[in-house]
Amino acid sequence: MAKPVVKKEYTFLERIYLWEIVKGLKLTFKHFTFNFKESLKKGPHTVPTCWQYPEDRRPIAPVFRGAHMLCLDDEGRELCVGCGMCARACPAKCITVKRGKPAEGEEGKYAGKTMSAEFTIDMLRCIFCGFCEEACPKGAIQLGQEYELAEYTMDACIYDKERLLANFQKAKAEGKLKPPKKPVPVAGGDKKAGAKKVAKKPVATDGKKSKKAASKPQAEEKKASETKREET
Amino acid sequence: MDNWVIALIKVVFIWTWTLLIATLMTWVERRGSAMMQDRLGPNRAGPFGLFQPLADGIKLFTKEDIIPEKAHKILFSLGPILFALPAFSAYAVIPFGDKLIVNGKEIILQVADVNVGFLYVVALGAMAVYGIVLGGWGSNNKYSILGGLRSTAQLISYEVPFGLSLLAVVLVYGTFSLREISLVQQGTFLGFLPNWGIFKQPLGFILFIVTAYAEANRVPFDLPEAESEIVAGYHTEYGSMRLGLYLFGEYVNMYTLAALMVTLYFGAWHLPYIDMSKFLGPVSYGIASFLVFFLKTAFFLWLFVWVRWTVPRFRYDQVMGLGWKALIPLALVNLFITALCIQLTV
Ligand code: SF4
Ligand code: SF4
């Protein structure tokens, strides 16, 4: 049913506009003085509603999906084995991998028995879905934090292996590596096992926490199962 | 000969000054509006974005000058000129300070002290509408014509109260000369108020400021160019420096009207209760009077901007209704009361 239209009777003050305009002026002036004062402050991000992009950058989530990088392990060996799983998973078909054998005497550079002889990602086609990262059995390919990917030529947007490795080095130097993945829950949802695992952990590692966990095991367990459900 | 040189200097000065203020106003408008809307506005070109108007000017100058194929060539090119010319010449009769005494020669800070200065301003203000109407008609575009028509309809509803409110001022001061009006606003009124027009004509001032906003095509009466309704109204088809003239003329108009408000209602260059000429030297007094006048004008310029970003636009019929049903009767009442008071006191 349609709402009946209630015609509002305006008071005299409202009908002569002027007083209402003065009220409006007061409001805009409040905003003006506030923003004016804020914008005179030194330092980035002064006006709370505005991010002055090149100077102010919003903090981005650690799991942000930006430019790719090919990871090395702790001993500085390339993780990628050139299996091509990422290329297969990629919905945009922008990864090209060629498997190769490490050259004589260079086996120490690679974590696996094989390596990728060629690895390019066409960033013009990539949709940053992150499927490649999920598909990789070795955790070799990861999407990093870098998001300013504009280039002057199209060729420069096709990242080769050197560039991908350099991305990793840069991220490592800046401490922007991804946090280790949370354990993926086993399909079929063995709830009890999962919950136990989480609940057990603090007992094994931290004495202080274990007391807490012992005192409130029920709550802890509940929480754990809840988080698990969210993940799935 | 000397007088000619002085007149020339005054003309050049006031031209550059108005141009400077108008340019600056575009910046104030953009940054001020931004601050009111919790944005920042153009702040990249130069310190605080102050060079933004310069960049805009260069852009407008270097853009291609397009005349639409179906437009009326002569009217189309005449429009912006007819709009900007009155805007630039209207300031001639409005003072911008008291006087400067250099080498024993008295220089009045006003380009021309015409004894019908008043009528000159009103006449030129009405002229500017031709620019809008011709531009709208010449563009041969629906929206432009609508803008032009709105402008005429608006003109007939605000020009009458505009004139009537000014007439009441003339009654009070008994002169058409803007300089004489400024001069008599010295001293106090009723013993405690500054002898300013606003205290003698409070209603007249409200009528004047409302109609002045309509005259300048500013929100809440910016119907001719209502962006949200008719694209850009009369200047929809314009580009490059022709558009620049329209936009610029608007700010120059604003400056003239703000100066007129100060001259008529806010004591021109007089400070309340203080007579600057008593304790300042001849040159410093001239400069001080100029500054005081400018600061007052600056406030009203700011008010133009401030109101623009506060108030929504009036509807077309509301403007007519306001003009004919509220402003004209009020202006007549104001005129009547003023005449009565003068009759009784003289
Ligand atoms: S990045 Fe991972 S999935 Fe892709 S080829 Fe290398 S090891 Fe295989
Ligand atoms: S993020 Fe998606 S589109 Fe981009 S390379 Fe990986 S799988 Fe392909």
#### Entry: Single unsatisfied condition, residue B:203 versus (1) of a type outside the set (Ser, Thr, Tyr); (2) closer than 21 Å to residue B:157 by Cβ; (3) open to solvent by less than 50 Å² (accessible area, probe 1.4 Å)
(3)
### Message
Looking at segment B:218-229, can you tell me whether even one residue there is part of a helix (DSSP H, G or I), in contact with a helix residue (DSSP H, G or I) (Cβ under 6 Å, 6 or more places away or on another chain) and either open to solvent by 10 Å² or more (accessible area, probe 1.4 Å) or within 15 Å of residue B:83 (Cα to Cα) (or both)?
### Response
yes
#### Entry: Filter result for the condition that a residue is touching a residue at least 60 places away in the same chain (Cβ under 8 Å) and in contact with a strand residue (DSSP E or B) (Cβ under 8 Å, 6 or more places away or on another chain), over B:60, B:78, B:100
B:100
### Failed item in (1) over 29 Å from residue B:300 (Cα atoms); (2) without any contact (Cβ under 8 Å) to a residue 40 or more places away in the chain, with residue B:49 passing the rest
(1)
### Query
Which one of these is of a type in the set (Ser, Thr, Tyr) and under 22 Å from residue B:33 (Cβ atoms): B:265, B:251, B:273, B:285?
B:251
### Query
(1) modelled with pLDDT of 80 or more; (2) open to solvent by 40 Å² or more (accessible area, probe 1.4 Å): which one isn't true of residue B:115, the others all being true?
(1)
### Query
What is the number of the single condition among (1) in contact with an Asp or Glu (Cβ under 7 Å, 6 or more places away or on another chain); (2) in contact (Cβ under 8 Å) with a residue 12 or more places away in the chain; (3) more than 8 Å from every other protein chain (Cβ to nearest Cβ) that residue A:47 does not meet?
(3)
### Task
Could you tell me whether residue B:90 is open to solvent by less than 60 Å² (accessible area, probe 1.4 Å) and at pLDDT below 85?
yes
### Summary
Out of (1) within 13 Å of chain A (Cβ to nearest Cβ); (2) out of contact with any Gly (no Cβ under 8 Å at 6 or more places or on another chain); (3) assigned to a helix (DSSP H, G or I), the one residue B:312 does not meet is (3)
### Query
Within segment B:275-287, is even one residue in a helix (DSSP H, G or I), closer than 24 Å to residue B:144 by Cα, modelled with pLDDT under 80 and open to solvent by less than 40 Å² (accessible area, probe 1.4 Å)?
no
### Query
Can you name the residue in segment B:38-57 that is open to solvent by 80 Å² or more (accessible area, probe 1.4 Å) and within 25 Å of the chain's Cα centre (by Cα) and, of all such residues, is nearest to the other protein chains (Cβ to nearest Cβ)?
B:51
### Task
List the strands (runs of 3 or more DSSP E) that sit entirely inside segment A:56-150 and contain at least 2 residues that are more than 14 Å from chain B (Cβ to nearest Cβ), within 10 Å of ligand 1 (Cβ to nearest atom) and farther than 18 Å from residue A:178 by Cα.
A:95-100, A:115-122
### Summary
With the first residue restricted to segment A:72-97 and required to be touching a residue at least 60 places away in the same chain (Cβ under 8 Å), and the second required to be open to solvent by less than 30 Å² (accessible area, probe 1.4 Å) and within 16 Å of ligand 2 (Cβ to nearest atom), Cβ contacts under 6 Å at 6 or more apart or on different chains are A:79/A:71; A:79/A:140; A:80/A:70; A:80/A:116; A:80/A:140
### Query
Can you find even one residue in segment A:2-21 that is away from every other protein chain (no Cβ under 14 Å) and closer than 21 Å to residue A:144 by Cβ?
no
### Query
Does residue A:29 satisfy the condition of being within 8 Å of chain B (Cβ to nearest Cβ), farther than 21 Å from residue A:145 by Cα and in a helix (DSSP H, G or I)?
yes
### Query
If residue A:47 satisfies every condition in (1) away from ligand 2 (no atom under 13 Å from the Cβ); (2) open to solvent by less than 20 Å² (accessible area, probe 1.4 Å); (3) in contact with a strand residue (DSSP E or B) (Cβ under 7 Å, 6 or more places away or on another chain) but one, which is the exception?
(3)
### Filter result for the condition that a residue is at pLDDT 80 or above and touching a strand residue (DSSP E or B) at 6+ places or on another chain (Cβ under 6 Å), over A:168, A:131
A:168
### Query
Can you tell me which residues in segment A:32-44 are open to solvent by 80 Å² or more (accessible area, probe 1.4 Å) and either assigned to a helix (DSSP H, G or I) or facing chain B (nearest Cβ under 7 Å) (or both)?
A:34, A:36, A:37, A:40
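The values are calculated or read from the model by the stated rules, or taken from the named source; none is laboratory data. Worth saying up front: this structure is predicted, and the values here are computed from it rather than measured. Using ideal geometry, Cβ is built from the backbone for each residue, glycine included, and neighbour counts are taken over all protein chains shown. SASA here: full protein model, heavy atoms, side chains in, ligands and nucleic acids out. Shrake-Rupley method; radii C 1.70, N 1.55, O 1.52, S 1.80 Å.
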